[in-house]
Each structure stands twice: as structure tokens, then as C-alpha cells.
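The values are calculated or read from the model by the stated rules, or taken from the named source; none is laboratory data. These figures come from a predicted structure and were not determined experimentally. When we count neighbours, we look across all protein chains shown, and the Cβ atoms used for this are built from the backbone with ideal geometry, even at glycine. Accessible surface areas use protein heavy atoms only, side chains included; no ligands, DNA or RNA. Shrake-Rupley method; radii C 1.70, N 1.55, O 1.52, S 1.80 Å.
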Amino acid sequence: MKSAIIQLPGLNRDRDMIAALTKISGKAPITVWQTETELPDVDLVVIPGGFSYGDYLRCGAIAARMPVMQAVAEKARKGVLVMGVCNGFQVLLEMGLLPGALMRNASLKFVCREVKLEVTNANTPFTRGYQQGEIIRCPVAHHDGNYFADAETLKRIEGEGQVAFRYAEGTNPNGSVNDIAGIVSDSGNVLGMMPHPENLIEAAHGGDDGRALFAGVLGKAA
Amino acid sequence: MIKARVTVTLKNGVLDPQGKAIEGALGALGFSGVGSVRQGKVFDLELEGSDRARAESDLNAMCEKLLANTVIEDYTISVT
């Protein structure tokens, strides 16, 4: 399994993501700068978290228009796995690769804490390392994670099993509609999620509940 | 030179926590009778040339492609 990670000015979770991918796959991801127009031949492309372009205009809006994102969209169309975490999720929504939008947290506060996630659909390439309905721990750190989609879109993604993760047990930190924490595309090969599984992969992190996500994607035992 | 103003607002039905907070703050300042506040963004642009029709069509494309997120936002364009 070969992976690539996209780098942009203002992203700050890229090193955490590189560490997670390297430790779990045994191979460092190829780093790709925003101005590149082609991506290497990989099985997984990751857009990590952070504050690309200082969250100017809207979170992820400027990043989504950078040249490399056309190559990311092309990979997604070809069925390559694409995963965006936190700011990466915001970018995928701004690109239109996933439905809906992320708005300012309902509390108006930046939230940085641990939440519980329910694996709502374990039958995706990203969640197959978990059991259906399993409750896992996962950290969140964001100001704009309040997922919104209009009623029709919501009905569609709920009906098609596109909700991959939901905030569980009253831990919704941001007011997301239907407690949605992560969704996949209708084709299933694109995942966006607000929480940070890359920050809970080993004992030093205080737990490894995020590990099975990467292990599942990378086709390895957790 | 053509000057234009683009106003981007949240669509009806999209919750606006920031607008709600501003509404609360206005109440705290003693402004009674503020029924609702919705916040948005204003962009002032200067465009080269004098073709207004072309400017409007360009501005429309700019809104669709970048200035607004049409999943949650509406926009209006005013060319002066």
C-alpha cells in the first residue's frame, strides 16, 4: 500500500499523519506540495488537518482551489482511496467530492477534547477494521466542525449508508446535524471526518482506537 | 474600471450561531426589539474594462466557484 499526503501552507497535522501512516504501513507516505499537478501512483491520498491559508474566506476554500486538488479529484474519480481529516474534510467538501458543508461550531468555541464515535457503517474501505456499531474514542480539535446538509441530501446520505462515523453518547462537540462526524462519498472511496484518528494510534497517545482505521485502509491487522 | 460589490449571506434555514451571538450582544447593549441578526460577508472588487455584461457574468462565475459556498450561502452582485 503506497500513500501520498498533500501539504499546503497552514496545515499543521501533516507530521502526525505522516507518523501514523509510516508506523502502521511500514512505509512513509510521499509528500506532495500544493502546486503539483500530478500525483504519484498511490493507493491512498490523505489531506491532513490544520488551518490551510489561515482559514481565510471559508475553512478549506482556498486549499480546494489549488492545482494539486484537481489531481486529487482525478484520483478520486478513478477509485483511489482519498481521506481528509479535519481541515482535510473541509477541503473535500469545498471541492465537492463530498456532500454538505462544515460551519462554525454551534458553541462558537474551538473544541479540543476527546469524543466517542460510533462506527455507523463498518462496510467502507476506511472502517472495515472496526465492528459495525462499535464505540471508539477519538480526539477532536476544531472551530468549524458543525456538519450541515439540506434535508434532501441528509436523507440520501443516511439512506445510502454514507455516514461512516457519528458522535456517540451525547459527545457531539459542535452541533453537527444527526451527530455526523464522518461521511464517505456515494462511491465509498472518499472519506472525510472531523476527528483525528491519527492522534490515537499507540500507548504513548493514551490509546490506540484510531489504529484500526489505518490498519483497515492499509489492509493490515490492527 | 468597473466596481462591484458581492454580498454573501447564509441561506434561509441554515442556522447561524454567529448571528445569534451578535443578536444576544445587541440585547445586552440595551437595543431592544432586534428580532433577528444574520451575518454575512461583503467583497468589493475592481474589474478592468468597461463591459458591464461581461463583468456580471464573470462575477457570477467567481461567486459560484469561490466567493460563496452555494451549499449554505446565497450571493447578490451589484455593479456600480
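Here are a few things to note about the model shown:
- Helix-only mean residue ellipticity at 222 nm for chain A, each DSSP H run of n ≥ 4 adding -39500 (n - 2.57), per residue, nearest 500: -6500 deg cm²/dmol
- Charge dipole of the range A:59-164 about the Cα centre (unit charges at C-beta), most positive-ward option of A:Met69, A:Ala149, A:Gly129: A:Met69
- Relative packing of A:186-196, A:113-123, which averages over residues the other C-beta atoms within 10 Å, highest first: A:186-196, A:113-123
- Among the chymotrypsin sites (Phe, Trp or Tyr not before Pro) found in the range A:1-81, those both in a DSSP coil and sparsely packed, with 16 or fewer other Cβ atoms within 10 Å of their Cβ, are A:Tyr56.
- Reduction of at least 10 Å² in accessible surface, 1.4 Å probe, comparing all protein chains with the chain by itself, residues of the range A:92-135: A:Glu94, A:Gly100, A:Ala101, A:Met103, A:Arg104, A:Ala106, A:Leu108
- Stokes-Einstein diffusion for the range A:127-222, with the hydrodynamic radius set to the Kirkwood value over Cα pairs and evaluated at 10 °C in a medium of 1.306 mPa s, equals 113 µm²/s.
- The range A:104-152 shape via C-alpha gyration tensor axes, a/c threshold 1.5: oblate
- Sites B:Ser32 and B:Thr76 - FRET efficiency at Förster radius 30 Å, r taken between beta-carbons, to 0.05: 0.55
- All distinct Cα pairs of the range A:45-200 go into the 1/r average, and the inverse of that average, the Kirkwood radius, is 15.2 Å.
- Cα-centre dipole for the protein assembly as shown with unit charges at Cβ (Lys and Arg positive, Asp and Glu negative), debye to 20: 280 debye
- Carbon/sulfur fraction of accessible area - chain A, other protein chains in place, 1.4 Å, %: 48 percent
- The range B:25-33 - phi-based ³J(HN,Hα) in whole Hz, Karplus 6.51/-1.76/1.60, Gly and Pro as x: 5, 4, x, 5, 7, x, 7, 8, x
- If you model the protein assembly as shown as an ellipsoid using its alpha carbon gyration tensor, with each semi-axis the square root of five times an eigenvalue, the axes come out at 34, 24, 16 Å, biggest first.
- Estimated 222 nm signal from helices in chain B, with DSSP H stretches of n ≥ 4 weighted -39500 (n - 2.57), rounded to 500: -9000 deg cm²/dmol
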